[in-house]
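The values are calculated or read from the model by the stated rules, or taken from the named source; none is laboratory data. Everything numeric here is computed off the predicted structure, so don't read it as measured data. Every residue, glycine among them, receives a Cβ derived from its backbone with ideal geometry; neighbour counts consider all protein chains shown. Side chains are part of the model used for accessible areas, which takes the heavy atoms of the whole protein and leaves out ligands, DNA and RNA. Shrake-Rupley method; radii C 1.70, N 1.55, O 1.52, S 1.80 Å.
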Amino acid sequence: MRCATAAAASALRRAPVARRALAAAHSHQQVCAAATATKAAAQKKRVECVVTAQRAEEISNELSNVESPRPSDSTWPVLAVEAPAIGLDCEGVRLGRFGRICVVQLAALDGRLFVLDALRPGVVEALQPLLESRAVAKVVHDCREDSAALFQQHGIRLRAVFDTQAAETVLLRHAGKTPHQVSFSELLRNRLQVEDPPDIAEVKTMMVEDARLWSRRPLNALLLRYVLHGVDRLQALRGVLLQEAAQVGGAALVEDIASASERSTDYCLLNQEFPTAASMAKIGTRLWAYVAAKTTQGMYFKLNAGRVGCVTTPSALSRFSDVELGDAVLCCVSGVSINGTYLFLDRYDPDWDYFDHQLRPSSDREVGAYGREHRYRTSVAGEDGADPLLVRGLPALELAEAVDAWEAGYEDLGLPAALDER
């Protein structure tokens, strides 16, 4: 078995990235070997709790010290089943750009599980070589807030990420189904036939009741079981998702998963120009919004600011008809909820201020509450609706003589003489 696997890996190194990933996913031997290794690791878990930066650095160096057959291929670890990989998850208080990472969990291919205390000085920073390595895939479920927290709080930019939620979204869309943000529990149930133990629901209830749960020490056995459950099956999920992508869509679909995962990782760069969440919660503010959910009744966005963006009016929804789950869209703030948690958004348009009901385009001439007219046509347009500045240089066919509209005098355009004299 080892000789066959080594020969296959050697042949794959000579192929392009997508073809190697496709061949790897199709390889029955490799898929079976990965499943066997995952099952063995689940049966015998070796768990280590890490509380010092020195030990975290040793783990980082060990797991990142791998030889990539094609170091220049940044997508190879993400797409190839046989590539080096680790499972990664984080827990924290208001996890995200303005929150705090409290626990980091890692799952190695050999079955070892690491729980690192992120509140200890230097522990997270010690993981930087591993988390930024392009030679080791980081398998994460919904990496957006994890990526934002690592980048903004610790200066770590995640690289070579395989996002299981993003991968499932790509597969749902390819199958003609309505894509949605699949939860980790749903993915385990549908892909690996694994149900959450009762402990998981209990911890989720504790998280709702105590917002600072993960910052408290020591972590009890219940919380440790929760964090281990969230990381030790990520490797198996990656193998199953890559295999299905290769079977139903080939190399192109596998590449789509890599692109979707990269977009999720880049979420950490969204709206960095706003120093605080409150600074963007102003009507008329222009910002980028990441589509998190889309239905016929509304759309919801992640803003990388601890706030939720939403679109609920039919007119505003119509302007997002071409937007899909996972897209980043340029929007403007049209309203703010009373508690400031929700920002109501509209599609940014360089010509119309949709966020201002007084300035929205209308087919009829109306006068708003403040006495300002708002019309569909500009105020300088003629009866034919054409702006004179847009037709300059065109022949004025309606004139007795072929006069250039840009050079015509006031009498030719029917304007008062006083205006022409200016």
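Take the Cα of Leu192, go 7 Å toward its beta carbon, and the backbone nitrogen atoms of the range 119-152 under 14 Å from that spot belong to 139-142. Per residue, the average separation of C-alpha pairs within less than 8 Å and at least 6 apart gives the range 113-188 a relative contact order of 26 percent. Here the range 152-292 exposes an accessible surface that is 52 percent carbon and sulfur, computed with a 1.4 Å probe and the other protein chains kept in place. Can you tell me how the range 47-173 classifies by the Cα gyration tensor, rounded, prolate or oblate, using a/c under 1.5 as the rounded cut? Oblate. The Cα atoms of the range 128-286 give a gyration tensor whose axes a ≥ b ≥ c have a/c of 1.5 or more with a/b no greater than b/c, which makes the shape oblate.
Around the amide H of Val139, modelled in the peptide plane, lie the amide H atoms of Ile86, Gly87, Leu88, Phe162, all under 5 Å away and 5 or more residues distant in sequence or on another chain. With contacts taken as Cα pairs under 8 Å and at least 6 residues apart, the range 211-351 reaches a relative contact order of 19 percent.
Ranked highest first by the average count of other Cβ atoms within 10 Å around their residues, in what order do 198-209, 337-348, 255-266 fall? Walk me through the numbers on the way to the answer.
Working: 198-209: 12.2, 337-348: 16.8, 255-266: 21.2.
The packing order, highest mean first, is 255-266, 337-348, 198-209.
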